[in-house]
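Below is one structure; the comments refer to it alone.
The values are calculated or read from the model by the stated rules, or taken from the named source; none is laboratory data. In this text, all values refer to a predicted model and were calculated from it rather than measured experimentally. Glycine also receives a Cβ, built like all others from the backbone with ideal geometry; neighbour counts cover every protein chain displayed.
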Amino acid sequence: MRALIGCPIFSYGTSGQNADTVHAALLTANTNNYVLGSGTIGGSDTLVNSCGIAMSHAYSLISVFNIYDTDTTTVLHKMYMIRNPWGVTNYNGTWKHDDSSWTSLFKAQVPHSVDPTTSNA
């Protein structure tokens, strides 16, 4: 990665970390325009976990963001926009493209003008 972007590289292991601490660190890195990536461990990339995410695989972490209540100060959901470099996804968990949780209020808070209800790849 360093050869590609010419910047210092940091590795942040999340095993055993508090989810709120991880989200805060990634949110700060995202705000500071770090190039972010993520990956899964275990098995082979031909296997998927219970959410349909490929195991032992790398992903681009496009954005880290929060979804707020109508008051714009209460964080309701901590979100990650990831992309499979294979260009396909079999994600089947909460917040997938056809999940009824995507209200117009929540869709408007997704960064990069992405409509999560039509962006399935």
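Quick notes on this structure:
- Considering segment 71-85, and only residues there that are closer than 16 Å to I53 by Cα and touching a His at 6+ places or on another chain (Cβ under 8 Å), the residue that is modelled with the lowest pLDDT turns out to be N84.
- Test for T14: is it among the polar types (S, T, N, Q) and modelled with pLDDT of 90 or more: no
Okay, residues lined up against (1) free of Cβ contacts under 8 Å to residues at least 40 places away in the same chain; (2) more than 20 Å from N84 (Cα to Cα); (3) among the basic types (K, R):
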{"residue": "M1", "(1), (2), (3)": "yes, no, no"}
{"residue": "P8", "(1), (2), (3)": "yes, yes, no"}
{"residue": "Y12", "(1), (2), (3)": "yes, no, no"}
{"residue": "Y34", "(1), (2), (3)": "yes, no, no"}
{"residue": "G39", "(1), (2), (3)": "yes, no, no"}
{"residue": "N49", "(1), (2), (3)": "yes, no, no"}
{"residue": "G52", "(1), (2), (3)": "no, no, no"}
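- Note on segment 22-62: residues that are touching a strand residue (DSSP E or B) at 6+ places or on another chain (Cβ under 6 Å) and closer than 16 Å to Y12 by Cα amount to 12.
- Among the criteria (1) surrounded by 15 or more Cβ atoms within 10 Å (Cβ to Cβ); (2) in a loop (DSSP other than H, G, I, E, B); (3) more than 13 Å from the chain's Cα centre (by Cα), the one G13 does not fulfil is (1).
- The listed residue being over 30 Å from R2 (Cβ atoms) and not acidic (D, E), out of T40, T14, T73, T89: T73
- Test: residue in segment 61-70 that is of a type in the set (V, I, T), at pLDDT 90 or above, exposed (fewer than 10 other Cβ atoms within 10 Å of the Cβ) and not in a strand (DSSP E or B): yes
- Output for segment 16-26, where each listed residue is exposed (fewer than 13 other Cβ atoms within 10 Å of the Cβ) and assigned to a helix (DSSP H, G or I): A19, D20, T21
- Check on A29, out of contact with any helix residue (DSSP H, G or I) (no Cβ under 8 Å at 6 or more places or on another chain) and surrounded by 11 or more Cβ atoms within 10 Å (Cβ to Cβ): yes
- Checking each residue in segment 32-59 for being surrounded by 11 or more Cβ atoms within 10 Å (Cβ to Cβ), assigned to a loop (DSSP other than H, G, I, E, B) and hydroxyl-bearing (S, T, Y) picks out Y34, T40, S56.
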